[in-house]
Amino acid sequence: MQYSYPVKTTFVPRKPALFSTVILTFASLLAPSADAATACTQAVVVTAAHPNQLENKAIQVLREETSKRTHVEWALAHGPSGANVTIVAGLHNEIPGLLPKAMRFSWEKASTGAANRSEGFSIRTLHIGSATTIVIAGNDNRGLLFGVGYLLRKLEMEPNRAMLATDINITTAPQYPVRGQQIGYRYKNNTYDAWTVAQFDQQTRDLAVFGNNTIQVVAPNSDDRNDSPLFPAPALETLIGICKSTISYGLDFDLYYPEMAKDYSDPAQVDAELQKADALFRALPHIDALYVPGGDPGHTEPRYLLPLVEKEAEILHKYHPHAKVWISAQGFNAAWYSEFYSILREQHPKFITGFFVGPQSRDSFPLQRRMIPAQYQLQAYPDIAHSMHAQFAMPDWDPAYAFSEGREPIDPRPMEETNIYRTFAGLHSGFVTYSEGVNDDVNKVIWDQLGWSSQTDPMDTLRDYSRYFLGSQIGPFDSSTFADAIMGLERNWNGSPLTNRGVDTTLLQFQALERAADAGQLRNWRFEMALYRAYYDAYIRARLLRETCAEQQALAILRSAPEGNSIKTIAAAREALNATPHSSAQDLRKRIFELADNLFHDAGMQLSTQKYGASGIERGANLDRVDVNLNNRAWMEKQFDRLEKLPTEAGRQAGLSAMLHYEDPGPGGFYDDLGDPSDEPHLVMGEGASRDPQLYATTVNGIADKIPDEGLRISTITYAETLYDTPVEMRYEDLDPAKHYRLRVTYGGEDYTLPIRLIANDAVEIHAPLRRKGNPETLEFDIPQSATTHGKLDLKWTRPTGAGGGGRGLQIAEVWLITEAAR
């Protein structure tokens, strides 16, 4: 299949130096009147006489990004211009020599006690007479770049207009030394596999504006195919280009290098791996750090992993002598963790800089910090891209969203990401996020700004995001309007779309912005992504309301149908289920498809496998699920098909009655639809995601790798689960001690299966470990009357202890507690 490639931009080159000095001059930039917009034509950028490469890069960023937004190219000079308004930038100790004599005292007074930490900067607004000077004093070259980025985020720019609304007086430096984002140029990644080096260069620049100082690329030898139909260039060529681009900004370039051979106890496989590593390390112009996961992907026991990485580190340092080495324990089971900790305590390997904690980590962040010797730093490797089956899954995500939007949707989660960051902020020395493309674009800048200061207000970051990427105004709306609308997208996913009217409010906000936007804003891919999510959420809500009503009408027909005419009853119920959607919903659907097409051509985003070449539906291609069933229509149709073939009316009536009473536990009984947050009253939820973001002590509502369209009842493919050794627990109060109870359980979930054991009251085994034979499978068990003599019953499902990997698989879909006469 042929795919057209997205629009390409231009590539800009590279690299270092130690200190930098710049003067930017433009008359009336700070003037509060509308006349300030015309003053941009007077802009002059003044640099030191002999600027270094990174100095030049910072000024290039400033001039190019302002020119893109104002359509005015500021002139470049080398020396003071005598303008009324100047911006002076350089190192703290160089600033006095760059200022007019009349302003030096004001600067020295204002800068007393200014921080001198790495990558920091000070910005001061000085007023003397009619002259105004904005000083950006970088502590080093990166400080200059980040100071320029801060100014760019605060400037209000649009064609022929640039204004700084208020004086800036700030001294700041990053709280954490590593603030990084991962790029995977590979088939599995959505969007990135369609990008050119020039587009990656722009992404690197934009992230640096928000304080990002590290780009990490995934090595070509990962759990993926070697190419993609969308690749504009071969993988290694593109990685080399990204490397050159990254170091041209003076930022760190890191390599994520999974160990993918099956058995590193085999010397031949070790030798082959070392040869591959040598070739890649030699080919890349620069590597600041090597990151090697223990698993996900790969799966290597610690006693083989650490010696292998030590050999790789020796090769690495031949070409990149100052590169650091980080390792993770991802995928390890309990025995491997014990072995891992023992090696560290006994051997204290010197080639390792530290360890990173990411997805599929059986041991929590706090536990790893306690167990790993203090000489080693820890970094966070947070999954910011996925909403389910993930490190930071949404534990109460409504099934309608889960079925349709899937594991990798456009997922701005500013408040949740802030909570996740702050929960672990005291345990790490920085982070590199795990990302699969641009669906998590908002989350990237949230993390970068929190890495600068963990106290950053996410709303401030969103205002900067809007102002920098979309302009100071979208028609009459300022940056706060778009920022609040992004917050609305996060709120859309709270609770059921059936009752969350905020979904419609969020769409109205975005539609107002859409009507007001200019042509450039409408084709800005970040704006398009937000619009796509708003329309998609609203479409799902509209469909869910309609389809829920249709199912209720069909069930009402079944309940009220006269006996003796089941065929006619079934026909009427079918008609109710297949009601025509409202035209307004179809308008939403049409706009979703238009935006999906724009996103592919404007950003390479692949929201469909067939239309745009996404590697799989679970890899962000939720356009392919936009019309997934949100009710039990397919299951009901399947039952109708079966019943219509029965030879007798009595058989058909019995089948219809069974459908109507599917969930009915009978008098004194209870039914829980696990996986539906609104219908699981006896499920023990645990700590909750706000206190337990990694969900080690929290029950998660999830969905299987199936959809209702397969003819499955929704209740059998949604489930409750816990991770690793935490049991799934249900608790019943006020039971009748005189009654005897039976338990009916539907075991269903993802396609793999684990042996599951069920005990009551921590003492009575209801069933020994068993593997389900189907998916789903419904079984019944006797509850000994002795277990309910006190009117209470506690049920716990467990899996074999000590497992590693993602920790999933303990998944229960439905539970009935049914009474019968005491024996």
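The values are calculated or read from the model by the stated rules, or taken from the named source; none is laboratory data. In this text the structure is predicted, and so the values were computed from the model without any measurement. Every residue, glycine among them, receives a Cβ derived from its backbone with ideal geometry; neighbour counts consider all protein chains shown. Protein only, heavy atoms only, side chains kept; ligands, DNA and RNA dropped before computing areas. Shrake-Rupley method; radii C 1.70, N 1.55, O 1.52, S 1.80 Å.
Here are the numbers:
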quantity: Square roots of five times the Cα gyration tensor eigenvalues for segment 474-567, Å; calculated: 40, 13, 9
quantity: Theoretical gain in end-to-end length, S583 to T801 [0.36 nm per residue, Cα-Cα removed]; calculated: 73.2 nm
quantity: Residues whose placed amide H lies under 5 Å from that of T433, excluding near-sequence neighbours; calculated: G180, Q181, Q182
quantity: Accessible surface ranking that places the most exposed of C243, C549 first, with a 1.4 angstrom probe; calculated: C549, C243
quantity: For the chain, with +1 on Lys and Arg beta carbons and -1 on Asp and Glu, the positive-most of I783, W447, I617 along the dipole; calculated: W447
quantity: Loop GluC sites (Glu not before Pro), segment 547-639, which have at most 16 other Cβ atoms in a 10 Å radius of their Cβ (DSSP); calculated: E563
quantity: Integer Hz, Karplus 6.51/-1.76/1.60 couplings in order for segment 177-191, x for Gly and Pro; calculated: x, 10, 9, x, 10, 8, 10, x, 8, 7, 4, 5, 5, 7, 5
quantity: Sites matching trypsin sites (Lys or Arg not before Pro) across segment 706-786 that sit in DSSP coil, with at most 13 neighbouring C-beta atoms within 10 Å; calculated: R771, K773
quantity: Residue-by-residue Karplus 3J(HN,Hα) for segment 118-123, coefficients 6.51, -1.76, 1.60, Hz, glycine and proline x; calculated: 3, 6, x, 7, 10, 10
quantity: Debye, to nearest 20: dipole size of the chain, +1 on Lys, Arg Cβ, -1 on Asp, Glu Cβ; calculated: 1580
quantity: Karplus (6.51, -1.76, 1.60) ³J(HN,Hα), θ = phi - 60°, over segment 315-331, in Hz, Gly and Pro reported as x; calculated: 5, 3, 6, 5, 9, 9, x, 9, 5, 8, 10, 10, 10, 10, 9, 4, x
quantity: Kirkwood Rh in Å, taken over segment 80-226 so that all alpha-carbon pairs contribute; calculated: 17.5
quantity: Solvent accessible area, Å² - M415, 1.4 Å probe, full protein context; calculated: 100
quantity: Set of segment 333-351 residues, backbone N closer than 13 Å to the point 7 Å along the Cα-Cβ line of E310; calculated: 343-351
quantity: Hydrodynamic radius (Kirkwood) for segment 345-462, which is based on Cα pairs only, to one decimal in Å; calculated: 15.4
quantity: Calculated [θ] (222 nm, deg cm²/dmol) that DSSP helices of n ≥ 4 give over the chain, each run adding -39,500 (n - 2.57); calculated: -12000 deg cm²/dmol
quantity: Approximate spin-label separation D271-E64, in nm, with each point projected 7 Å along Cα-to-Cβ; calculated: 4.7
quantity: Amide H contacts under 5 Å for E156, placed H, 5+ residues apart; calculated: M163, L164, A165
quantity: Per-residue SASA entry for V44, accessible area with 1.4 Å probe, Å² rounded to 10; calculated: 40
quantity: For segment 670-775, with +1 on Lys and Arg beta carbons and -1 on Asp and Glu, the positive-most of G774, Y747, Y719 along the dipole; calculated: G774
quantity: Qualifying GluC sites (Glu not before Pro) for segment 682-782 [loop in DSSP, other Cβ within 10 Å: at most 15]; calculated: E687, E733
quantity: Per-residue SASA entry for W336, accessible area with 1.4 Å probe, Å² rounded to 10; calculated: 40
quantity: Carbon plus sulfur fraction of accessible area for the chain, probe 1.4 Å, in percent; calculated: 52
quantity: Length gained when the stretch H322-D167 is fully extended (0.36 nm per residue, less Cα-Cα span); calculated: 51.7 nm
quantity: Accessible solvent surface per residue of the chain, calculated while the other protein chains remain in place, 1.4 angstrom probe, Å²; calculated: 37
quantity: Sum of side-chain charges, G520 neighbourhood, beta-carbon under 13 Å (Lys, Arg +1; Asp, Glu -1); calculated: 0
